[in-house]
Amino acid sequence: MTFCVGLTGGVGSGKSTAAEMFAALGPAVVDTDAISRELTAARGAAMAAVREQFGAEFVAADGSLDRERMRRLVFADAAAKKRLEGILHPMIRAEARARLSAAQAPYVILVVPLLLETGAYRDLVDRVLTVDSREEQQVERVALRSGLSENEVRAIMAAQLSRAERRARADDVLSNDGSIESLQRQVAGLHDRYLALARAA
(Lines give C-alpha, C1' and ligand atoms only; values in the text may rest on other atoms or scores of the structure.)
Protein backbone atom coordinates (compact mmCIF):
# COMPACT_ATOMS: atom_id res chain seq x y z
CA MET A 1 0.00 0.00 0.00
CA THR A 2 1.22 3.52 -0.84
CA PHE A 3 2.56 5.70 2.02
CA CYS A 4 -0.53 7.27 3.56
CA VAL A 5 -1.04 10.42 5.64
CA GLY A 6 -4.31 10.71 7.56
CA LEU A 7 -5.51 14.32 7.46
CA THR A 8 -7.92 15.35 10.20
CA GLY A 9 -9.04 18.39 12.19
CA GLY A 10 -12.02 19.91 13.93
CA VAL A 11 -15.09 21.12 12.07
CA GLY A 12 -14.28 24.32 10.17
CA SER A 13 -10.53 23.99 10.68
CA GLY A 14 -9.76 24.05 6.95
CA LYS A 15 -9.26 20.37 6.09
CA SER A 16 -10.66 20.71 2.56
CA THR A 17 -8.49 23.74 1.80
CA ALA A 18 -5.38 21.92 3.01
CA ALA A 19 -6.32 18.79 1.04
CA GLU A 20 -6.71 20.85 -2.15
CA MET A 21 -3.29 22.41 -1.60
CA PHE A 22 -1.72 18.97 -1.21
CA ALA A 23 -3.56 17.65 -4.29
CA ALA A 24 -2.06 20.47 -6.38
CA LEU A 25 1.43 19.22 -5.44
CA GLY A 26 0.90 15.66 -6.67
CA PRO A 27 -0.25 13.21 -3.99
CA ALA A 28 -3.55 11.39 -4.41
CA VAL A 29 -6.32 12.63 -2.10
CA VAL A 30 -8.99 10.24 -0.81
CA ASP A 31 -11.71 12.11 1.10
CA THR A 32 -14.08 10.01 3.23
CA ASP A 33 -16.62 12.87 3.39
CA ALA A 34 -16.66 13.09 -0.40
CA ILE A 35 -17.20 9.32 -0.60
CA SER A 36 -20.08 9.64 1.90
CA ARG A 37 -21.69 12.34 -0.26
CA GLU A 38 -21.35 10.12 -3.36
CA LEU A 39 -22.98 7.20 -1.54
CA THR A 40 -25.93 9.38 -0.44
CA ALA A 41 -26.37 11.31 -3.69
CA ALA A 42 -29.26 10.56 -6.05
CA ARG A 43 -28.86 6.89 -7.09
CA GLY A 44 -25.99 6.57 -4.58
CA ALA A 45 -25.16 3.05 -3.42
CA ALA A 46 -26.37 3.70 0.15
CA MET A 47 -29.77 5.21 -0.65
CA ALA A 48 -31.79 1.98 -0.88
CA ALA A 49 -30.66 0.99 2.63
CA VAL A 50 -31.30 4.53 3.95
CA ARG A 51 -34.86 4.50 2.57
CA GLU A 52 -35.46 1.04 4.03
CA GLN A 53 -34.07 1.94 7.49
CA PHE A 54 -35.39 5.49 7.87
CA GLY A 55 -38.32 5.85 5.48
CA ALA A 56 -39.06 7.89 2.36
CA GLU A 57 -39.24 11.16 4.32
CA PHE A 58 -35.44 11.11 4.61
CA VAL A 59 -35.08 10.94 0.83
CA ALA A 60 -35.18 14.26 -1.05
CA ALA A 61 -37.24 14.73 -4.21
CA ASP A 62 -34.21 14.05 -6.42
CA GLY A 63 -33.52 10.72 -4.69
CA SER A 64 -30.60 11.94 -2.58
CA LEU A 65 -30.41 12.00 1.20
CA ASP A 66 -32.31 14.83 2.88
CA ARG A 67 -29.21 15.94 4.77
CA GLU A 68 -30.79 18.60 6.90
CA ARG A 69 -33.54 16.28 8.18
CA MET A 70 -31.05 13.47 8.79
CA ARG A 71 -28.61 15.81 10.55
CA ARG A 72 -31.34 16.90 12.98
CA LEU A 73 -32.37 13.29 13.64
CA VAL A 74 -28.91 11.86 14.30
CA PHE A 75 -27.92 14.83 16.45
CA ALA A 76 -30.90 14.21 18.72
CA ASP A 77 -31.06 10.40 18.56
CA ALA A 78 -27.94 8.31 19.28
CA ALA A 79 -29.62 5.07 18.12
CA ALA A 80 -30.51 6.63 14.75
CA LYS A 81 -26.92 7.86 14.40
CA LYS A 82 -25.67 4.33 15.03
CA ARG A 83 -28.05 2.92 12.40
CA LEU A 84 -26.91 5.44 9.80
CA GLU A 85 -23.25 4.75 10.60
CA GLY A 86 -23.95 1.02 10.30
CA ILE A 87 -25.06 1.61 6.71
CA LEU A 88 -22.44 4.16 5.65
CA HIS A 89 -19.21 3.33 7.48
CA PRO A 90 -18.54 -0.12 5.97
CA MET A 91 -19.29 1.24 2.48
CA ILE A 92 -17.08 4.32 2.95
CA ARG A 93 -14.23 2.22 4.31
CA ALA A 94 -14.43 -0.30 1.44
CA GLU A 95 -14.39 2.49 -1.15
CA ALA A 96 -11.55 4.35 0.62
CA ARG A 97 -9.48 1.14 0.70
CA ALA A 98 -10.12 0.54 -3.01
CA ARG A 99 -9.01 4.09 -3.86
CA LEU A 100 -5.91 3.80 -1.68
CA SER A 101 -4.96 0.54 -3.40
CA ALA A 102 -5.51 2.05 -6.86
CA ALA A 103 -3.60 5.29 -6.14
CA GLN A 104 -0.82 6.03 -8.63
CA ALA A 105 0.98 8.74 -6.69
CA PRO A 106 4.08 9.16 -4.51
CA TYR A 107 1.86 9.15 -1.42
CA VAL A 108 -1.80 9.50 -0.42
CA ILE A 109 -3.61 12.02 1.76
CA LEU A 110 -6.59 10.26 3.39
CA VAL A 111 -9.05 12.85 4.74
CA VAL A 112 -10.93 11.51 7.79
CA PRO A 113 -12.62 14.21 9.93
CA LEU A 114 -12.98 11.97 13.02
CA LEU A 115 -9.76 9.98 12.57
CA LEU A 116 -8.61 10.53 16.17
CA GLU A 117 -12.09 10.41 17.75
CA THR A 118 -13.08 7.03 16.31
CA GLY A 119 -9.76 5.34 15.66
CA ALA A 120 -11.19 4.12 12.34
CA TYR A 121 -8.64 4.09 9.48
CA ARG A 122 -5.70 4.27 11.90
CA ASP A 123 -4.53 0.94 10.49
CA LEU A 124 -4.32 2.48 7.02
CA VAL A 125 -2.30 5.60 7.82
CA ASP A 126 1.44 5.95 8.41
CA ARG A 127 1.21 9.46 9.89
CA VAL A 128 -1.52 11.69 11.32
CA LEU A 129 -1.69 15.33 10.23
CA THR A 130 -4.13 17.65 11.99
CA VAL A 131 -5.28 21.04 10.71
CA ASP A 132 -5.50 23.37 13.68
CA SER A 133 -7.44 26.62 13.91
CA ARG A 134 -8.69 28.99 16.60
CA GLU A 135 -12.19 28.12 17.81
CA GLU A 136 -13.59 31.54 16.82
CA GLN A 137 -12.40 30.93 13.25
CA GLN A 138 -13.95 27.46 13.22
CA VAL A 139 -17.32 28.84 14.35
CA GLU A 140 -17.16 31.64 11.77
CA ARG A 141 -16.28 29.33 8.87
CA VAL A 142 -18.94 26.71 9.65
CA ALA A 143 -21.69 29.29 10.30
CA LEU A 144 -20.83 31.02 7.02
CA ARG A 145 -20.92 27.88 4.86
CA SER A 146 -23.78 26.00 6.54
CA GLY A 147 -26.05 28.64 8.06
CA LEU A 148 -25.86 26.99 11.50
CA SER A 149 -26.05 29.18 14.59
CA GLU A 150 -23.01 29.68 16.82
CA ASN A 151 -24.58 27.42 19.47
CA GLU A 152 -25.16 24.64 16.93
CA VAL A 153 -21.57 24.87 15.69
CA ARG A 154 -20.22 24.85 19.25
CA ALA A 155 -22.33 21.76 20.02
CA ILE A 156 -20.67 19.95 17.10
CA MET A 157 -17.25 21.09 18.32
CA ALA A 158 -18.01 19.91 21.86
CA ALA A 159 -18.59 16.38 20.54
CA GLN A 160 -15.09 16.38 18.98
CA LEU A 161 -11.66 16.21 20.61
CA SER A 162 -10.27 19.43 22.07
CA ARG A 163 -7.65 21.32 20.05
CA ALA A 164 -4.98 20.49 22.62
CA GLU A 165 -5.70 16.76 22.54
CA ARG A 166 -5.85 16.65 18.74
CA ARG A 167 -2.51 18.45 18.48
CA ALA A 168 -0.95 16.15 21.09
CA ARG A 169 -2.03 13.00 19.24
CA ALA A 170 -0.96 14.12 15.76
CA ASP A 171 2.45 13.52 14.19
CA ASP A 172 2.25 16.83 12.30
CA VAL A 173 0.22 20.01 12.77
CA LEU A 174 -0.83 22.53 10.12
CA SER A 175 -1.67 25.87 11.69
CA ASN A 176 -4.56 27.53 9.84
CA ASP A 177 -4.78 30.70 11.96
CA GLY A 178 -3.05 32.99 9.49
CA SER A 179 -3.05 33.74 5.78
CA ILE A 180 -3.62 31.36 2.88
CA GLU A 181 0.04 31.96 1.94
CA SER A 182 1.15 30.80 5.38
CA LEU A 183 -0.90 27.60 5.03
CA GLN A 184 0.54 27.01 1.55
CA ARG A 185 4.12 27.35 2.83
CA GLN A 186 3.42 24.82 5.58
CA VAL A 187 1.80 22.40 3.11
CA ALA A 188 4.79 22.69 0.75
CA GLY A 189 7.18 21.92 3.62
CA LEU A 190 5.19 18.88 4.72
CA HIS A 191 4.87 17.70 1.11
CA ASP A 192 8.67 17.57 0.84
CA ARG A 193 8.87 15.67 4.13
CA TYR A 194 6.21 13.15 3.04
CA LEU A 195 7.96 12.57 -0.29
CA ALA A 196 11.14 11.73 1.60
CA LEU A 197 9.29 9.44 4.04
CA ALA A 198 7.45 7.71 1.18
CA ARG A 199 10.75 7.05 -0.61
CA ALA A 200 12.25 5.62 2.57
CA ALA A 201 9.22 3.45 3.39
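The values are calculated or read from the model by the stated rules, or taken from the named source; none is laboratory data. Model, not experiment: these values are computed from the prediction. In this analysis, Cβ positions are derived from the backbone assuming ideal geometry, glycine residues included, and neighbour counts consider all displayed protein chains. Protein only, heavy atoms only, side chains kept; ligands, DNA and RNA dropped before computing areas. Shrake-Rupley method; radii C 1.70, N 1.55, O 1.52, S 1.80 Å.
Across the stretch 11-155, the mean sequence separation of Cα contacts (distance under 8 Å, 6 or more residues apart), normalised by length, yields a relative contact order of 36 percent. Between amide H atoms placed 1.01 Å from N, distances below 5 Å from L174 occur with T130, V131, D132, all of them 5 or more places distant or on a separate chain. Under the simplified labelling scheme, the R43-E152 pair shows an inter-label distance of 3.1 nm, with each label point 7 Å from Cα along Cα→Cβ.
Using the 1.4 Å probe convention, the accessible area of the chain works out to 51 Å² per residue with neighbouring protein chains retained.
Calculated [222 nm] ellipticity per residue, helices only, for the chain: -17500 deg cm²/dmol; basis is -39500 (n - 2.57) per DSSP H run with n ≥ 4, divided by all residues, nearest 500. With a Förster radius of 25 Å applied to the C-beta separation of S179 and E136, the computed FRET efficiency comes to 0.95.
Just the protein heavy atoms count here, and of the accessible area of the chain at 1.4 Å, carbon and sulfur take up 50 percent.
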